[in-house]
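We did not get these values from a lab; they are worked out from the coordinates using the rules stated. A quick note: this is a predicted structure, and the numbers were derived from the prediction, not measured. Backbone-built Cβ (ideal geometry, glycine too); neighbour counts: all protein chains shown.
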Amino acid sequence: MTGTVGGLDRFIEFARALLDKESLILDRSERLAYSCDGLTSHRALPAVVAIPKSRDELVLVVKALARYGVPFVARGAGTGLSGGALPDAEGVLVVTARLDSIIEIDPLSRLAVVEPGVVNLDLSKAVAEHGLYFAPDPSSQIACTIGGNVAENSGGAHCFKYGFTSNHILGLEVVTPTGELVWLGGETLEAPGPDLRGVVVGAEGTAGIVTRIACRLMAVPEARKTLISYFDSVDAAGDAVSTIVSSGLVPAAVEMMDNLALKACELATKAGLDTTAAAALLVELDGPSVEVEVGFARLCTVLEEKGAREIWVAQSEEERALMWLARKAAFAAAGRVAPAYIVQDGVIPRTALPEVLTEIEALAKSSGLAILNVFHAGDGNLHPLVTYDPAIVGATERANEVAAVILSLCLRVGGSITGEHGVGVDKVCHMPEMFSTSDLEAFSRLRRAFDPEGICNRDKLLPTPKLCGERAGSLSGAPVVSR
Amino acid sequence: MTEVRSVYSPETPAELAEFLAGFEGSGRLKPIGALRNPFPLAAGDTTISLERFDWIDHRREDLTVAAGAGVDFFALQEYLRREKQRIVLDPPAGGSVGAMVATSAHGYLAHRYGGVRDLVIGASMVLGDGLMAHSGGRVIKNVAGYDLTKVLVGSRGLVAAVVEVVFRTHPAAEFEAMAAFPVVAERASDFLGQLYGLKVDPVGIEWAADTAYAIFEGTREGVESQLRTLIEHFGKDAIYSGDAFGKLISEVREIQVPGEREVTIRLCGRATRLAELFDLASGADRVSAHLGMGVVDAVFRDLTVSELEGLFDSAERRGLNLEVRAMGNGVADEVQAATVARLVSGFTGRVIASLDPKRRFSRGEQG
Ligand SMILES: Cc1cc2nc3c(=O)[nH]c(=O)nc-3n(C[C@H](O)[C@H](O)[C@H](O)COP(=O)(O)OP(=O)(O)OC[C@H]3O[C@@H](n4cnc5c(N)ncnc54)[C@H](O)[C@@H]3O)c2cc1C
């Protein structure tokens, strides 16, 4: 039995003895502050909030939760956009924010061992003096924690060349929902046997709470060159991306913004973007300086051949930062052009870009809702921002419908329902659209290996009849096996 | 090697799933690739040959290729080469795609691009009771669902039969070259420190026979400029490109490949602990290393089980990882069995058991 009142009471009694006043929040008004993460449409009041000060406290807390069968949810900074850190109303929210020590930096091994509450950007700042950085760079990197990045396998603008969080985690320590403390992976890229660290990364906090992380560090590239090029049509910009990629260049980032996104970002940042263009590409090359020079010349040739009407090349680090500020402001900037919006996160094979963007445009027209498109074009990760006015009757429902249709569209062209924000509670009922019943059964088996009692981040990631109704997985859903 | 009782060679994944669902034999099930780097088979085992899973579905513009588990990996690379692409994995020896994943086989390129775990973006598999499952997909960015592909990487066929693998592809290297410098094992860490200090960006940093190799790829101008930086610092030494590069790098790779009665052991730890790794490998017949990755490969001839256990214990005591990478013909079955027992022990064993409740792929091999 999980979630029994008795279990929770016994946990509180235990926690009172273990944790100091600041670390155990029972007061209702204080708990309210933790009732949602970045997905504010979903809220729940946690029965208890525990904010351990040390790894030992955290481990003891989870062991007690396991012992008393009390459901729990981990929370880092709460910036997640799929409701992964949405509390369990019958359980305990375990906040890792205070576990924010960088335990060790080993520059020669290009490794840092950190606690889960370390903020993503703080790690890069701490290792900068050694000419190193932590490559995963979600737009939320000034706030989100590395524990959260691990759980969500977070990406960022530079995934096309450098991969996701998973590619930068060498090993991790996790306290499982059974209360066991295990180290998975190693301290190098190589570790024997099935890669269980790779399972915990991206498990969306359902495999336990990560207590220590060995992060791979990268050398700061000798040179970086960034440009924004403008196009008269979205198609032309999409075509330019294909040509860049097939020319053999591997840019560090290829980002695309459509006209509405350009306008919103310009309003928010005054970066000097051309708001008359139909679309813009932000492209960045990095690496050894000669390599970057040669590649950049080729890049400019491709862009000109593909009809770029203007190319703005960053002349200084400040100008480069400004370009990125404008791009990374996109989510918040949508708030400048509409009272509310849904951030969608879907992935498509890059070659399907023209087809999908045309359909999204048609959706915008038919629904009467403006949709801003801003995305990681190199890896086909779309972030359509579906805007609406909640004051208009039915608009919220329509926006949700449109966002859902976009996901189905991604699946129809062979893509995925999420490229970086995760499934959480937000997309749990879309899982059967992407995965067959037997895929989902395999996922459940894996989950049970970590959490046999089902107490960790319940009702997320995997659909249940209670959550989504009796909706069987589509047996033709497996996009991998091609015959 | 013990004689195998039966070989099953399904034509389709669905046929394999049906076979497994109805399987009532008592022996183990062993998915096999090209049998170039297998684990031991015993009487009563049923091997599953995946050679008929031989399809290739390359989507050049999307930078992905799906391949049946039975496709020969080097043949796949050759196919991609004609399309001016590649999978940035350079295993020292060939084998089937499924086996490449199951043995997590990669080479020096892992320093820059990561290993098998980093380049497989999707996979389909059949679990021991016939459950067909897939995770990941055909897009290079994707976080939907658990990443089951990771459980397959390095699983040695103990978890599931790999049916199809989707890899991310990269453009073919435009120009490759490497510089060789005399470096004794004791100075390997120092060499690495100096190399990193030069702000060059090698794709691999290898070591064999008291020589360190810094390998570069990119445009000719970019590679040559980095080589000049190295020469200015370390003094003039040998530079290899074109056929000479290909020949030498094959020779360096060859060192890791076990011959008759030989076992290749991989020792891993931080680059700052390279000296300890070399020390552990001191009894080996041949030693090579991926310096930047903190990996030392040691080839032992006629290694006994107790010697292997001794190596495992000393690695464990020092907090280093050890893995048996490959075995030549004629290695005692017990040596292989000891390796498997380590792989399926503890927490990992429980995860394997949850995916394959009847332990058809790892029967009798609990650690
Ligand atoms: C403006 C904005 C921009 C964003 N941009 C990006 C982007 O570019 N790319 C991207 O990928 N994401 C992006 N995100 C989403 C979000 O920032 C990431 O998912 C981030 O990794 C979450 O980190 P967090 O510390 O806030 O985690 P939380 O939101 O607190 O938690 C996220 C999940 O991680 C789990 N978790 C947290 N800590 C642990 C732990 N120690 N052990 C186990 N599980 C744990 C939680 O249970 C939850 O399931 C953005 C969000 C915002 C608000």
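Report the Cα centroid-to-centroid distance between the stretch B:149-168 and the stretch B:272-329 in angstrom, as an integer. One Cα centre to the other: 25 Å.
Taking every DSSP beta bridge that has both ends in the stretch A:1-148, the antiparallel portion is near 50%.
Quick one: Cα convex hull volume of the stretch A:1-120, Å³ per residue? Please report the intermediate quantities before stating the final value.
Numbers: hull volume 13.8 nm³, N = 120.
Value for the stretch A:1-120: 115 Å³ per residue.
For chain B, the longest principal axis of the C-alpha atoms and the axis of helix B:220-234 are separated by about 60°.
Near the amide H of B:Phe175, within less than 5 Å, lie the amide hydrogens of B:Gly218, all on another chain or at least 5 residues away, with H placed in the peptide plane.
Rounded to whole numbers, the Karplus 3J(HN,Hα) couplings from phi for the stretch B:117-127 are 4, 8, 10, 8, 10, x, 7, 10, 8, 10, 7 Hz, using 6.51 cos²θ - 1.76 cosθ + 1.60 with θ = phi - 60°, and x at Gly and Pro. Name the shape class, rounded, prolate or oblate, that the alpha-carbon gyration tensor gives for the stretch B:262-353, where a ≥ b ≥ c are the square roots of its eigenvalues, rounded holds for a/c under 1.5, and otherwise prolate holds if a/b is larger than b/c and oblate otherwise. It comes out oblate by the Cα gyration axes. Volume per residue for the stretch A:4-49 equals 81 cubic angstrom (convex hull of Cα atoms).
Taking only the C-alpha atoms of the stretch A:298-455, Rg followed by Dmax gives 18.9, 59 Å.
With the Cα gyration tensor of the stretch B:133-173 giving a ≥ b ≥ c as the square roots of its eigenvalues, does the rule (a/c under 1.5 for rounded; else a/b larger than b/c for prolate; else oblate) give rounded, prolate or oblate? It comes out oblate by the Cα gyration axes. If both residues of a DSSP beta bridge must be in chain A, then about 90% of such bridges are antiparallel. Within the shell defined by Cβ-Cβ distances under 14 Å, the residues around B:Ala238 carry a net charge of -2, with Lys and Arg each +1 and Asp and Glu each -1.
Taking only the alpha-carbon atoms of the stretch A:161-265, what semi-axes of the equivalent ellipsoid follow from 5 times the gyration tensor eigenvalues under a square root, in whole Å, largest first?
39, 18, 13
In a Debye calculation with equal point scatterers on the alpha-carbon sites of the stretch B:175-254 and no solvent, what is log10 I(q)/I(0) at q = 0.14, 0.17 Å⁻¹? Taking Cα atoms of the stretch B:175-254 as identical point scatterers yields -0.40, -0.61. First obtain the Kirkwood hydrodynamic radius of the stretch A:223-327 from its Cα pairs, then insert it into the Stokes-Einstein equation at 4 °C and 1.567 mPa s, and state the resulting D in µm² per second as a whole number. After rounding, the answer is 95 µm²/s. For chain B, the Kirkwood hydrodynamic radius from C-alpha pairs, put into Stokes-Einstein at 10 °C and a viscosity of 1.306 mPa s, yields a diffusion coefficient of 74 µm² per second.
Couplings for the stretch A:84-94, taken from phi via the Karplus curve 6.51 cos²θ - 1.76 cosθ + 1.60 with θ = phi - 60°, read x, 9, 4, x, 9, 4, 9, x, 10, 9, 9 Hz in order; Gly and Pro are left as x.
Report for chain B the percent antiparallel among DSSP-assigned beta bridges with both residues inside it, nearest 5.
Antiparallel bridges: around 90 percent, rounded to the nearest 5.
Remark on chain A: ratio of C-alpha radius of gyration to 2.2 N^0.38 Å is 0.99. With 21 Å as the limit, the listed pairs A:Lys21/A:Lys53; A:Lys161/A:Lys427; A:Lys427/B:Lys150; A:Lys161/A:Lys328 have A:Lys161/A:Lys427; A:Lys427/B:Lys150 beyond it between alpha carbons. Throw me the Rg/Rh for the stretch A:153-218, computed over C-alpha atoms with Kirkwood Rh, two decimals. Looking at the stretch A:153-218, the ratio lands at 0.97.
Cysteines of chain A lacking any other cysteine Cβ under 4.7 Å from their own Cβ: A:Cys36, A:Cys144, A:Cys159, A:Cys215, A:Cys265, A:Cys300, A:Cys410, A:Cys456.
Taking amide H positions as modeled 1.01 Å from N, with prolines and chain starts lacking one, the residues under 5 Å from A:Cys144 and 5 or more places away or on another chain are A:Asn120.
Both radii are taken from the alpha-carbon atoms of the stretch B:51-119; with Rh as the Kirkwood radius, Rg/Rh is 0.93. Which log10 I(q)/I(0) values does the protein assembly as shown give at q = 0.07, 0.10, 0.11 Å⁻¹ under the Debye formula, counting every alpha carbon as one identical point scatterer? Scattering profile of the protein assembly as shown, log10 relative to I(0): -0.52, -1.11, -1.37. Count Lys and Arg as plus one, Asp and Glu as minus one, and take only other residues whose Cβ is under 13 Å from that of B:Val252; the net charge is then -3.
Let me know the whole percent of all Cα-Cα pairs from the stretch B:49-171 that are separated by more than 21 Å. The answer is 30 percent, as a whole percent. Convex hull of alpha carbon positions in the stretch B:167-207: directionally averaged projected area 4.3 nm².
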